[in-house]
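Down below is the structure, laid out as structure tokens.
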Amino acid sequence: MDNENHDVRDAVIIAAGKGSRLAGRGDLKPLIPVLDVPLIERVIGAGMEAGLRRFWIVTGYRHQELGLFLNELRQRLGVWIEELYNDNWQGSNGVSVLRAAGRLDRPFVLLMSDHLFDPEIIRGLCRHPLDGVDVWLAVDGDTSDRDLIDIDDVTKVRVEDGRIADIGKHLSEFDAYDTGIFLCSPRLFDALRTVVDDSGDASLSDGIRWLGTRRRAGVHDIGELFWMDVDDGAMLDLAEQLMSGRS
């Protein structure tokens with residue numbers, strides 16, 4: 001990895017949810033194939049191409065089944081993978097991120113198990129320093145109406161002077177889309193603990209928003225690099241079309 005500021009080798013991948021919008025296309029979302037390659041394998045493969053070497057996978061729904069596949073993938077690819085089980089997998093995704101707290105004491109990349117992306121996004125993201133900024137989020141600054149974007153589901157970002165001013169799915173004013181790819185300091189865990197509510201729940205966006213109000217969350221615009229969230233059947237079909245054209 002061409003990395004000016006960190007020797008980033010670790011990734012946390014959230015793979016705990018049920019993925020009900022893709023239930024008709026497979027029993028377990030991270031294992032649903034795109035051109036015969038499961039989503040989680042494509043994410044790990046892109047991370048490896050970008051230079052990542054250790055993958056912490058947060059599992060939840062049907063974790064035994066996913067764990068068996070990860071064991072097979074570990075041996076087949078010769079890659080370091082450790083499973084972190086989230087027994088509160090029905091909660092918000094910030095709780096899943098917190099499962100990695102205490103395991104990582106250096107910068108890491110945070111990924112989603114259902115987002116496909118160009119590995120160059122990680123390379124560019126990891127050139128940012130984490131001095132005074134706890135998280136850098138890769139954002140898509142093209143907010144035009146496109147087939148790749150589900151405007152009702154995508155997380156939106158409002159940006160001020162290169163920092164995150166607000167983030168959420170229901171923002172009426174925004175400047176970019178959240179690609180689900182983050183460069184994080186372990187201080188992200190402290191932010192998430194701060195925003196956990198009385199029920200023990202918190203979303204990742206809650207933690208990023210908290211950091212944003214303190215100007216400690218920056219954005220990295222990916223330009224025209226490819227990314228997409230494979231969240232329903234229509235997006236899965238589109239992903240297969242695009243992957244076929246890229247192969």
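The values are calculated or read from the model by the stated rules, or taken from the named source; none is laboratory data. Note that the structure is a prediction, hence the values are computed from the model and not measured. Cβ placement follows ideal geometry from the backbone for every residue including glycine, while neighbour counts extend to all protein chains displayed.
Residue by residue through region 109-123, note down the ones that are out of contact with any Leu (no Cβ under 8 Å at 6 or more places or on another chain) and not in a loop (DSSP other than H, G, I, E, B).
Taking region 109-123 first, the residues out of contact with any Leu (no Cβ under 8 Å at 6 or more places or on another chain) are 111-112, 115, 119, 123.
Answer for region 109-123, where residues must be out of contact with any Leu (no Cβ under 8 Å at 6 or more places or on another chain) and not in a loop (DSSP other than H, G, I, E, B): Leu111, Met112, His115, Arg123.
Using the structure shown, decide if Leu204 is within 15 Å of the chain's Cα centre (by Cα) and crowded, with 18+ Cβ neighbours inside 10 Å.
Working: within 15 Å of the chain's Cα centre (by Cα): yes; crowded, with 18+ Cβ neighbours inside 10 Å: yes.
Spelling it out, Leu204 is indeed within 15 Å of the chain's Cα centre (by Cα) and crowded, with 18+ Cβ neighbours inside 10 Å.
Can you name the residue in region 169-185 that is within 21 Å of Ser113 (Cβ to Cβ) and of a type outside the set (Val, Ile, Thr) and is also surrounded by the fewest Cβ atoms within 10 Å (Cβ to Cβ) among such residues?
Residue satisfying both the conditions and the ranking: Lys169.
Residue check: is Leu104 assigned to a strand (DSSP E or B) and closer than 30 Å to Leu31 by Cβ?
So Leu104 does not fit the description; no.
Do you know which of the residues in region 33-92 that are part of a strand (DSSP E or B) and not hydrophobic (A, V, I, L, M, F, W, C) is surrounded by the fewest Cβ atoms within 10 Å (Cβ to Cβ)?
From region 33-92, those part of a strand (DSSP E or B) are 33-34, 37-38, 54-59, 80-85; that's our starting set.
So of that shortlist, the ones also not hydrophobic (A, V, I, L, M, F, W, C) come out as 33, 38, 54, 59, 82-83, 85.
Values: Pro33: 14, Pro38: 20, Arg54: 16, Thr59: 27, Glu82: 12, Glu83: 18, Tyr85: 15.
This residue is Glu82.
What number of residues in region 169-185 are in contact (Cβ under 8 Å) with a residue 60 or more places away in the chain and touching a Lys or Arg at 6+ places or on another chain (Cβ under 7 Å)?
Adding up the residues that qualify gives 0.
Conditions (1) closer than 25 Å to Arg193 by Cβ; (2) among the hydrophobic types (A, V, I, L, M, F, W, C); (3) more than 13 Å from the chain's Cα centre (by Cα), marked per residue:
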residue: Ile44; (1), (2), (3): no, yes, no
residue: Gly47; (1), (2), (3): no, no, no
residue: Ile57; (1), (2), (3): yes, yes, no
residue: Tyr61; (1), (2), (3): yes, no, yes
residue: Leu77; (1), (2), (3): no, yes, yes
residue: Val95; (1), (2), (3): yes, yes, yes
residue: Arg99; (1), (2), (3): yes, no, yes
residue: Asp105; (1), (2), (3): yes, no, yes
residue: His128; (1), (2), (3): yes, no, yes
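For region 143-168, give me each residue that is at pLDDT 95 or above, part of a loop (DSSP other than H, G, I, E, B) and surrounded by fewer than 14 Cβ atoms within 10 Å (Cβ to Cβ).
The answer is Asp161, Gly162.
If we scan region 171-187, do we find a residue that is more than 19 Å from Asp140 (Cβ to Cβ), modelled with pLDDT under 95 and not in a strand (DSSP E or B)?
Scanning region 171-187, I find no residue that is more than 19 Å from Asp140 (Cβ to Cβ), modelled with pLDDT under 95 and not in a strand (DSSP E or B), so the answer is no.
State the number of residues belonging to region 147-168 that are within 17 Å of the chain's Cα centre (by Cα) and free of Cβ contacts under 8 Å to residues at least 40 places away in the same chain.
2
Tally up the residues in region 207-247 that are in a loop (DSSP other than H, G, I, E, B) and surrounded by fewer than 20 Cβ atoms within 10 Å (Cβ to Cβ), please.
9
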